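Worksheet for the structure shown next.
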Amino acid sequence: MSGEAIKATGLTKVYPGGVLAVDHVSFTVNEGEVFALLGPNGAGKSTTIGMLTTTLKPTDGTALVGGHDIIREPEKVRRVIGVVLQEYTADEDLTGYDNIMLMASLYGIPKQVAKDRALELLEMVGLSSAKDRKVETYSGGMRRRLELAMGLINRPRILFLDEPTLGLDVQTRAAIWDYIIKLKQEYGMTILVTTHYLEEADMYGDRVAIIDHGKILDIGSPDELKNKVGGDMITLETSGLVDGAQNALKSLNQVRSVELKDGKVIIKVSDGPSAIPSIVSALQGQGITILRLSMSRPTMDEVYISYTGRSLRDESGSSEEAFVMRRTIRRARA
Ligand SMILES: Nc1ncnc2c1ncn2[C@@H]1O[C@H](COP(=O)(O)OP(=O)(O)O)[C@@H](O)[C@H]1O
Ligand SMILES: [Mg+2]
């Protein structure tokens, strides 16, 4: 697999009626990483996942998933992937355990093997004690965890998660991410996850691709993306600042700009931690005492705004409403 779990090349989807949902997207997901597709509602995230998981046919371009071509070898692709869709797929009238067993039978997993795995997965997602309850009695967080367990029944090497935390409260979202990180750390699983939560991409994504209007605008680790946007901001309160000190700061290699604002000195640098020592000594050289120093990184929101010209926070409301109106797709019983 040469270290690349997924390699998309010019992947494109035009829906009947002419909607260009995904527009010549190319990216690589490395083995064992959490790769986050970050973008607003309608950006093309689910469509991208649909194509990579072989349920949607690309209009143009292709991708290798686990080394297999999604167009020429869809069965091979399906064998190495797990998929957890945005919509719930569990049958409300069945228990959690029975839903997992049903999934196992769809994969043709022998019953005894499936039993062991189902119990192990239920344990992993903390649903052991609720396994014999009907899914209709589950909370939103429990349903998400069940969907996650169902997506893992075939022991996938590559896992696709489409908005796994959509509409959940902050605590439940954190719990879901604990499981996702565990899959990466303990099983070395490669995980492609979509989200429109900036904090999630920031905290958990090894690399993040910003997607908007079907196009990937940039890809990088959260740190790389933040550095591109403008680096760190150091705010100083001093015993008084003379022009000479301002010039001394400006002449430092790492300093991009120095501003005086509300009696404070605001310094922009590419990398805060490495710039602080020289800033401190430059000021000391001018006989200036630092009373207070703080540093802040650009937020993912600032990164997002710089690429798209608008804030993702303004847009997330509508998708949460849509989520409330979700419908559980009932799977035909085997
Ligand atoms: N089955 C479909 N037929 C026509 N247009 C669609 C269909 N599914 C999605 N779209 C459109 O494609 C675009 C991308 O949708 P989607 O991939 O669901 O985005 P996301 O998952 O990022 O919210 C949107 O404009 C959406 O309205
Ligand atoms: Mg979607």
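Read-outs throughout are calculated quantities, based only on the coordinates presented, and are distinct from any laboratory measurement. Everything numeric here is computed off the predicted structure, so don't read it as measured data. Backbone-built Cβ (ideal geometry, glycine too); neighbour counts: all protein chains shown.
Brief remarks on what is shown
- Modelled spin-label separation between residue 134 and residue 116, with each label point placed 7 Å from Cα along the Cα-to-Cβ direction: 3.3 nm.
- Helix content alone sets the calculated 222 nm mean residue ellipticity of the chain: runs of n ≥ 4 DSSP H residues at -39500 (n - 2.57) each, divided across all residues, give -11000 deg cm²/dmol.
- A quarter of the convex hull surface defined by the alpha-carbon atoms of segment 1-53 gives 4.0 nm² as the mean projection.
- Couplings 3J(HN,Hα) for segment 131-136, derived from phi with the Karplus relation 6.51 cos²θ - 1.76 cosθ + 1.60 (θ = phi - 60°), are 5, 9, 8, 5, 4, 4 Hz, where x marks Gly and Pro.
- Distance cut-off 32 Å, percentage of C-alpha pairs in the chain lying past it: 40 percent
- Taking the convex hull of Cα positions in segment 120-212, its mean projected area over all directions (nm²): 6.4 nm²
- Intensity falloff of segment 1-104 expressed as log10 I(q)/I(0), Debye formula with alpha-carbon point scatterers, at q = 0.10, 0.12, 0.15, 0.16 Å⁻¹: -0.33, -0.46, -0.70, -0.78
- Neighbour count of at most 14 Cβ within 10 Å plus DSSP loop: longest trypsin sites (Lys or Arg not before Pro)-free window in the chain: 134-309
- Across segment 164-285, counting alpha-carbon atoms alone, Rg and Dmax equal 20.0, 57 Å.
- Square roots of 5 times each gyration tensor eigenvalue, C-alpha, segment 231-296, largest first, Å: 16, 13, 11
- Using alpha-carbon coordinates, inclination of helix 272-285 to the longest axis of the chain, degrees: 10 degrees
- Excluding exposed DSSP-loop GluC sites (Glu not before Pro) (at most 15 other C-beta within 10 Å), longest clean stretch of the chain: 93-334
- On Cα atoms only, tilt of 170-187 relative to the major axis of the chain in degrees: 80 degrees
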